[in-house]
1. Taking residue 95, is it crowded, with 24+ Cβ neighbours inside 10 Å and either modelled with pLDDT of 95 or more or among the hydroxyl-bearing types (Ser, Thr, Tyr) (or both)?
2. From the list 77, 48, 30, 128, exactly one residue is open to solvent by 10 Å² or more (accessible area, probe 1.4 Å), in contact (Cβ under 8 Å) with a residue 40 or more places away in the chain and closer than 25 Å to residue 298 by Cβ. Which is it?
3. Just the residues that are surrounded by 14 or more Cβ atoms within 10 Å (Cβ to Cβ) and acidic (Asp, Glu), please, taken from region 338-373.
4. Within the bounds of region 218-225, is there any residue that is assigned to a helix (DSSP H, G or I), touching a residue at least 12 places away in the same chain (Cβ under 8 Å) and within 18 Å of the chain's Cα centre (by Cα)?
5. Please pick out the residue among 69, 83, 58 that is acidic (Asp, Glu) and either surrounded by 13 or more Cβ atoms within 10 Å (Cβ to Cβ) or under 22 Å from residue 312 (Cβ atoms) (or both).
6. Could you give every pair whose Cβ atoms fall below 8 Å, whose first residue belongs to region 377-406 and is more than 20 Å from residue 350 (Cβ to Cβ), and whose second residue is of a type in the set (A, V, I, L, M, F, W, C) and part of a loop (DSSP other than H, G, I, E, B), counting only separations of at least 6 or pairs across chains?
7. Which residues, counting only those in region 101-124, are in contact with a helix residue (DSSP H, G or I) (Cβ under 7 Å, 6 or more places away or on another chain) and not in a helix (DSSP H, G or I)?
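The values are calculated or read from the model by the stated rules, or taken from the named source; none is laboratory data. All values derive from a computational prediction rather than experimental measurement. Positions of Cβ are backbone-derived with ideal geometry, glycine not excepted, and every protein chain shown enters the neighbour counts. Remember, those area values only see protein heavy atoms, side chains included, never the ligands or the DNA or RNA. Shrake-Rupley method; radii C 1.70, N 1.55, O 1.52, S 1.80 Å.
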Amino acid sequence: MVNVAIMGHGTVGSGVAELLIEKNERIAKGIKSDINVKYILALRTFDGLSYSDKFINDFNIILNDSEVDIVVETMGGLKPAYDFVKSCLLKGKSVVTSNKELVAAKGAELIKIAEDKNVNFLFEASVGGGIPVLRPMVQCLSANEIFEVKGILNGTTNYILNKMIMDNMDFSVALKLAQDKGYAEKDPTADIEGHDACRKICILAALAFGKHVYPEQVKTEGITNITLSDIDYASSLGYVIKLIGKAKKSSDGSVCVSVRPTLVPKEHLLSGVNGVFNAVSVTGDAVGEVIFYGQGAGKMATASAVVADVMDCAKHLNARKYLSWEEGDENYIKSVDEKTKLFVLFTSSDFDKTLLDITSAFGDVAVIKNKQSGEIALVTNEELESSLNKKIAGIFADSKKILHTL
């Protein structure tokens with residue numbers, strides 16, 4: 001018998017409780033042992049449930065019960081989650097979490113404590129919700145040197161951009177619809193400003209490259225400045241706009257990490273990831289590019305990933321799963337000057353002269369002229385980003401927008 005305590009009974013926590021209790025027989029067959037949900041820590045009790053007798057409101061009951069083998073944290077945020085998780089690990093209890101903010105900020109420290117105490121700290125659900133990506137990276141791709149991870153890591157922003165692309169819906173209208181459907185919070189800042197995707201790419205980068213990446217080290221830009229005109233110009237040039245988190249390792253061992261609206265070629269698989277779905281692309285030296293796709297959020301999808309981690313912990317109560325990275329440092333994350341293409345949108349009062357300047361600077365590139373608005377849009381040929389930026393600054397002092405391409 002393996003005893004489990006769940007901290008938090010919100011969307012994900014309630015889903016975890018339901019799966020562990022209602023699917024107990026199936027889970028027991030998978031791990032050759034019964035799992036017993038002994039406690040559920042919550043601010044209030046929930047009457048009328050088959051497990052209403054399991055609710056408690058004192059964390060110390062869980063901490064001091066030597067029979068509790070695994071603790072599931074689904075409260076979210078750093079306080080009190082960090083203190084609770086750290087205390088449980090120090091007590092020799094394995095911990096499973098879906099808390100991306102916690103792992104992105106404190107992952108290296110908590111992993112080290114788990115190693116010292118010979119317990120497990122697992123967090124599959126912190127990145128892709130129901131998408132299995134962390135475990136495959138560590139196990140299935142372990143023979144590879146991974147040199148790039150990128151993807152669509154936030155379902156809310158993907159839904160909004162998809163509505164703008166498919167339904168010609170203005171950003172504010174699409175955001176309101178996302179809130180009405182429960183995809184976006186009342187305060188959507190973490191999603192639309194890119195903070196949620198930033199935390200996830202930090203975790204992916206740390207796991208892929210072996211050192212902690214802190215959210216404050218990542219250049220992060222959201223989608224609030226994307227307009228329908230941008231969407232239309234991108235489409236005419238053969239692209240769709242997606243919010244992409246990306247981490248790439250350089251030859252000197254440094255890593256470049258970013259979250260930003262990105263033009264994705266229509267022929268790339270990521271361009272077809274629509275609605276609230278997420279996708280993570282991992283590129284290794286042996287396997288090439290592989291893509292993990294599925295629901296990046298949602299009650300039961302995320303609970304499914306959490307329960308998989310619980311089962312993994314139950315099978316490894318006296319052994320550690322290899323899922324770790326070292327502390328990072330301020331020199332680890334760098335802005336890498338690599339070859340790329342840039343989307344440039346600017347205004348011009350003299351189209352003929354500007355077109356000559358474009359040809360002189362960039363050669364033969366696709367250009368869209370909008371004489372009604374005075375706008376010109378183009379995607380440059382591939383060149384070092386520093387060189388492109390110099391050319392853009394020299395010709396288009398009044399450029400309205402510059403976006404990266406995938």
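1. Yes; evaluated as a whole, the condition is true for this residue.
2. On the way: 77 fails: in contact (Cβ under 8 Å) with a residue 40 or more places away in the chain; 48 fails: in contact (Cβ under 8 Å) with a residue 40 or more places away in the chain; 128 fails: open to solvent by 10 Å² or more (accessible area, probe 1.4 Å).
The match here is 30.
3. 357
4. From region 218-225, those assigned to a helix (DSSP H, G or I) are none; that's our starting set.
No: region 218-225 contains no residue that is assigned to a helix (DSSP H, G or I), touching a residue at least 12 places away in the same chain (Cβ under 8 Å) and within 18 Å of the chain's Cα centre (by Cα).
5. Just one listed residue meets the conditions, 69.
6. If the second residue must be of a type in the set (A, V, I, L, M, F, W, C) and part of a loop (DSSP other than H, G, I, E, B), the pairs left are 379/237; 379/365; 379/366; 380/365; 381/365.
7. Those that are in contact with a helix residue (DSSP H, G or I) (Cβ under 7 Å, 6 or more places away or on another chain) and not in a helix (DSSP H, G or I): 119, 120, 121, 122, 123, 124.
Residue-by-condition table, conditions (1) open to solvent by 30 Å² or more (accessible area, probe 1.4 Å); (2) hydroxyl-bearing (Ser, Thr, Tyr):
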{"position": "248", "(1), (2)": "yes, no"}
{"position": "262", "(1), (2)": "no, yes"}
{"position": "282", "(1), (2)": "no, no"}
{"position": "287", "(1), (2)": "yes, no"}
{"position": "292", "(1), (2)": "yes, no"}
{"position": "299", "(1), (2)": "yes, no"}
{"position": "304", "(1), (2)": "yes, yes"}
{"position": "311", "(1), (2)": "yes, no"}
